[in-house]
Structure formats: structure tokens, C-alpha cells
Amino acid sequence: MSFFGRNVKKIRSVKKMSQQVFADLFDLKRATLGAYEEGRSEPKIDTIIKVANYFSISIDDMLTKEVTVNQLLSFDGGITTDIHQVMKNALVKVPFVAALNLKRFTENFPKTQSYADLPTLTLPIKENENYLAFETQDLTMVVNHEGLFLHDVVVGTRVLASEIKKGEVLIVLHKSDLFVRRYQKNETHHLLKADHIHVPIIEIDINDEVYFWKVTEVLLKRYPKFTSGIEDKINQIMNKLNDQ
């Protein structure tokens, strides 16, 4: 048996949550939660992921060892016994840049460093005052019919150039341009690469004024393709075998 049930019980104790409040938060029946806590049943993987992500605990820790009080106290979600307040606190208003306010944002942000004039999206993510949401304006991050399509929304958190790792996807503001690219660099330039093979790399002098938001979430406007290339190949082989 895993440590999941024991850890859930400890979370409830530290956060002063009743079984009913906890169960409602994760769309569970109270009796089901009780079975988890008593070790009579193990949860589905999607439940494990939801609970672990919500309380900022790794799935490995959630399943293989007893979480510490310090781990739980590091999560400040404003938990109360009022389920409506719990859900309200789980939603974050994120400043949003779309086509209509793009020009105003690119002109004003370098001067003000403020998101105050932007409309917001309400999203179920961890609170962070440096979030920015951006509606993609092109197909530069599409390859093999996958990636970011027109009007998908990317959410990023503000980072310094020194904090960026090679290959990370960023929202980038440089002069009057706001765009999404994958990061590389050399000794003299930031190299911002599109996933689309026919789009040239954008080179920005390392000394230029440029702002970066590391993409952490994506809201897609279409149903994503979940099958992998390996699965496609297996299906093709099976279809050939069936035709013989």
C-alpha cells in the first residue's frame, strides 16, 4: 500500500479540513476518501496527480513517504473549511495580452513594468504576481501539425535571462514585438528559435532591453493529439498484419 491515505489525513489535520471539505475539493465521495485514509483502497492516478499538484507535493513523495509538516506549511493556499472560499482561493487572475491590447502593452510595459491596465483571465493555477497570459498571433511554434496554433493562450512567469535554460519556451517582449519562441544563446546574442522550420531565428543583442516570461501553462483552442509517434507506428504495423 502507498502512503497516499496517510498523507491525505495529515494534510487535512495540518490544514484543518474536514473529510467532506477535502472530498468536495477533489470531486470525491466522503466514504471513498475515508477508504483511502484507512488503507482499504488506493486512488486513481488522476486523483493522485490532482492532490499532489494542488498542495505542491511531488507524486513520488505523496506515494512513497510521509510528507513533513514543513512541506505542508510551505503551501499557502488560504485553505478554509468553506468549500466556496477554497475554490475561490484556487483561482488566480492573470493579466492577459490579446490582439486588441497588444500594441498598448508593448509600448507601456517597458516604461511602467506594470500589468495594471490589462484585462485578466481567471485560471486554476498557483498564485504568482509575475504571470502574463498571451494569445498567440501566428503559427511559428507549429511543427508536424502540433504545437501552438493561432489564438492558443500561453501563460508565463517573469524570469531573468540568467535563469533561462536552453530550449525553454518563452514569451518575449523586445521593442514593439511580443512573441513566443524557444530559447538559445551565444556569447553575444539571445537566439530565439521558432519550432516551424521555415521561420528564421531572431537574434537580440545580449545588451538590448528585453523581457522574458517562461511558459508554464498553455490553454489550447482545439482538442490535442495525445497519441505518440510510436503508437502511430504500432497501429500502422497492426493494420498491415490485419490486412494480410
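The values are calculated or read from the model by the stated rules, or taken from the named source; none is laboratory data. In this text, all values refer to a predicted model and were calculated from it rather than measured experimentally. A quick note on method: Cβ atoms are made from the backbone with ideal geometry, for glycine too, and the neighbour counts reach across all protein chains shown.
If the condition is being closer than 23 Å to P124 by Cα and surrounded by 14 or more Cβ atoms within 10 Å (Cβ to Cβ), then the stretch 31-60 contributes L33, P43, T47, I48, K50, V51, A52, N53, Y54, F55, I57, I59.
Checking the structure you have, find out if any residue of the stretch 121-137 is more than 19 Å from the chain's Cα centre (by Cα), modelled with pLDDT under 95 and not in a strand (DSSP E or B). Within the stretch 121-137, one or more residues are more than 19 Å from the chain's Cα centre (by Cα), modelled with pLDDT under 95 and not in a strand (DSSP E or B).
Take the conditions (1) part of a helix (DSSP H, G or I); (2) crowded, with 18+ Cβ neighbours inside 10 Å; (3) free of Cβ contacts under 8 Å to residues at least 40 places away in the same chain; N7 misses just one of them, which is (3).
Within the stretch 50-72, which residues are polar (S, T, N, Q) and over 18 Å from L33 (Cα atoms)? S56, S58, T64, T68, N70, Q71, listed by residue number.
Where in the stretch 62-113 are there helices (runs of 4 or more DSSP H), lying fully within it, with 1 or more residues that are out of contact with any strand residue (DSSP E or B) (no Cβ under 9 Å at 6 or more places or on another chain) and at pLDDT below 55?
83-89
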